[in-house]
Every structure is written in structure tokens, then in C-alpha cells.
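The values are calculated or read from the model by the stated rules, or taken from the named source; none is laboratory data. None of these values were measured; they are calculated from a predicted model. Note that each Cβ is placed from the backbone with ideal geometry, even for glycine, and that neighbours are counted across all protein chains shown.
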Amino acid sequence: MNRFGERFAFTTFGESHGKALGCVVDGVPAGLEIDEAFIQSELDRRKPGKSKFETQRKESDTVEILSGVFEGKTTGTPIAMVIYNENQKSKDYSNVKDLFRPGHADYTYFHKYGIRDYRGGGRSSARETAARVAAGAIAKLMLRELGIGVMSGIVEIDGIHAGENLDFEHAKQSQIFALDPSVEEAQKEAVEQALNAHDSVGGAAYIRVTGAPAGLGEPMYRKLDGAIADAMMGLNAVKAVEIGDGVAASRSKGSRNNDQITSKGFESNHAGGILGGISNGDDIITKVYFKPTPSIFIEQKTVDVHNNDQTYFLKGRHDPCVAIRGSIVCESMMALVLADMVLLNMGRKMDHLKALYPQS
């Protein structure tokens, strides 16, 4: 499946070294003001080549809206967007044409489809996430009208953890989107050391949602936390997702883990803003864990398409820590999940319908 969402849905297309990639976003309500500069700014946050902490592939990631917008507003019809690839170097992958790169999806894609697109991983490449960020920008524009904000940053790189005081404004200016200035230099140094050793490191992104009302999420098979986990686990290199306290909750006791309630609201937020799969009106908190980038410049063992033992040495341009740019994609996917949930929730109460169709 290349489609995500039910009411607010999007489909992506394209490959890492193909002519272009893009998305079609469906279900966007008519009349939403589209800020093209904002959409481009979101893609600029994710685009490669901005610093030494990222792949040096140079792409402008300029987005072009093809349909669904007229005179600056959505028409209620599908919004198609395209991003043309400008800096492919497919020859960098010629030496792995018949080899499976350890840690990559080459092996599984070949056994599923019987076709090997060796140019940077083809469809399995993280380059596809540019289209998700474009779609997510549309979702953010809608959520902004409803007072819902989504923000993200990095809380861990190579085991170096941020403290409790997270600074989202600082993360916006940081080359690695660090949420804790006190550990930022250590995190940068870890990335540089891995880069100099031709290796890579993993990391964790932190996503916070503010302003989400209570009631988002379906009670059984479209739970909000389940949809968030699905969205995040569908991203390249993600190996774990936590909601609220996550794993730490399994080591706690009920007396501590329960978020007690007063007339002023919840006294804590161990649940991460979700109870029973439905938002409770508190901040929604998610952590997303990325494995080390599998593209490393160290000789490794593998097999070829005929299952013969081989060794290979990778060429190309790759992120030493995929979590850094991945945090922006997590933010976009969160926005897409919430936009979908908002539209799904519209018909859950008669009061909602009466507000939409008032009697004359």
C-alpha cells in the first residue's frame, strides 16, 4: 500500500533516483488557505545537504502544486504535488547492482517483487519522505486553523540523552534539531566521530502536540496511539515508538503512573495525552527511535542475487545519523494522523452535525 489515512489521506509516488517524487492528498476540506511558502519551508527543513551532519546530496526539493488549489484556497478535490530530483548519482550504486546491502531493504524488496532497483534503494529510499513532508504541511495548515500545534526535535544521539528541559525554539535553530543545548555539542561530536570512522549512529526524535481536544481517536481499531505508532513505524529506519512514558511505564506502579485528575485538569502526563486510544486534551507526547543509518563506508559481508557469498564496499552520499532529518518527517506524520482523526471525529456527536447544518 502506498496510501495512508482514511478521511484525510495521501498517496506518495516516485523513487530516490527517478525523475521525480510526489504525493496526492485527498480529503482536504474546501476553503483552506494554502501558504505555498510555508509548504516549501517545511521541505527546506528536511532537505539534504544543509550541514556536515547530513548527506551531501544537493537537492532544492522545490515543490510544485499541480491541482486542488484555486486562488490560494483548496477546492476540496485531490491536491497533487511534485518534487523533481536534481542531483542523482546512480553510478555510485553500480557496484551493488546485484548485491544486497546489509541493513537495507534490498533483500526483502527483491524477494517480494523479484526486481532490483539498485539506484539508492529505489522506492525504499528515505528520499520518499520528502513527499510525506509536503503532505504533512497541508495537514499542519489545517490543524493551525484549529489551534493544534505539532513540534519536534532530537532527544538522543548515540546514547547521549537530553535532560528534562526541552527547548523547541532552540531546536529550530540547531543544525541537528537538538532539544537540549547542554548536550548538543556532545551529540554533534558523536555524529562527527562516526562520520570520520565511516560509520553511523542512531538517535531518537521527540514529538509534542499542543491544543489537541479530547476525543480524537477511535475506540477499537483506529486508536489514536495505534495510528501514531503505525505512522512512525512506517518510516525508514524506525525500530521503536513510545507514547508518553512508554517503556518506563512498564517499570512503574499504578499509583505513580496514573495521571490524577482535578478540576484544573491532569496533574501529570505519563499517558502522553492518550487514554483508551482517545486523546484526553493534554499534550500528546511521542518518542521515535531510529537505528543507525545502514549506509556505512566499511567493507561488509553479503550475498548477491544468486545467493553467492560476497564482500562489498559502499559508495555514495548518506546521512551519518538518519534520526536528525527523520525528526521532521515524524512531525509531518503526526500532523497527518491528527488531521485524519479530526475529520473522523466530526460525525461522532449530533451536536457536531447540528453545528454543520443549522436549522433555518
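Only residues that are of a type in the set (Gly, Ala, Ser), at pLDDT 95 or above and over 24 Å from ALA237 (Cα atoms) were counted in segment 318-360, giving 1. Reported count of residues in segment 281-306, each being of a type in the set (D, E, K, R), in a loop (DSSP other than H, G, I, E, B) and modelled with pLDDT of 95 or more, is 3. Checking each residue in segment 16-30 for being of a type outside the set (A, V, I, L, M), over 12 Å from ILE65 (Cα atoms) and surrounded by 20 or more Cβ atoms within 10 Å (Cβ to Cβ) picks out SER16, HIS17. Per the listing GLU145, GLU184, the residue uniquely modelled with pLDDT of 95 or more and over 17 Å from THR210 (Cα atoms) is GLU184. Of all residues in segment 241-265, those that are more than 23 Å from ALA231 (Cβ to Cβ) have Cβ atoms under 6 Å from Cβ atoms of residues that are of a type outside the set (Ser, Thr, Tyr) and part of a helix (DSSP H, G or I), 6 or more apart or on another chain, in ASN257/ALA249.
Looking only at segment 268-280, which residues are part of a loop (DSSP other than H, G, I, E, B) and in contact with a Leu (Cβ under 7 Å, 6 or more places away or on another chain)? Give the steps one after another, and end with the answer.
If we filter segment 268-280 for residues that are part of a loop (DSSP other than H, G, I, E, B), which is where we start, we get 268-273, 276-277, 280.
The one that is part of a loop (DSSP other than H, G, I, E, B) and in contact with a Leu (Cβ under 7 Å, 6 or more places away or on another chain): GLY277.
Annotation: of all residues in segment 187-227 being loosely packed, with under 15 Cβ neighbours inside 10 Å and of a type in the set (A, V, I, L, M, F, W, C), the one that is nearest to GLU145 (Cα to Cα) is ALA214. For segment 149-175, a residue qualifies if it is crowded, with 22+ Cβ neighbours inside 10 Å and in a loop (DSSP other than H, G, I, E, B), and exactly one does: ALA162.
In segment 230-266, how many residues are part of a helix (DSSP H, G or I) and under 18 Å from ASP282 (Cα atoms)?
Kept after step one, since they are part of a helix (DSSP H, G or I), are these residues of segment 230-266: 230-233, 246-251, 254-257.
In the following step, the residues that additionally are under 18 Å from ASP282 (Cα atoms) were identified as 246, 249, 256-257.
So the answer is 4.
Within segment 290-339, the set of residues being farther than 26 Å from GLN40 by Cα, touching a helix residue (DSSP H, G or I) at 6+ places or on another chain (Cβ under 8 Å) and among the hydroxyl-bearing types (Ser, Thr, Tyr) comprises just one member, TYR312. If only residues of segment 35-88 that are modelled with pLDDT of 95 or more and at positive phi are counted, the one that is surrounded by the most Cβ atoms within 10 Å (Cβ to Cβ) is GLY68.
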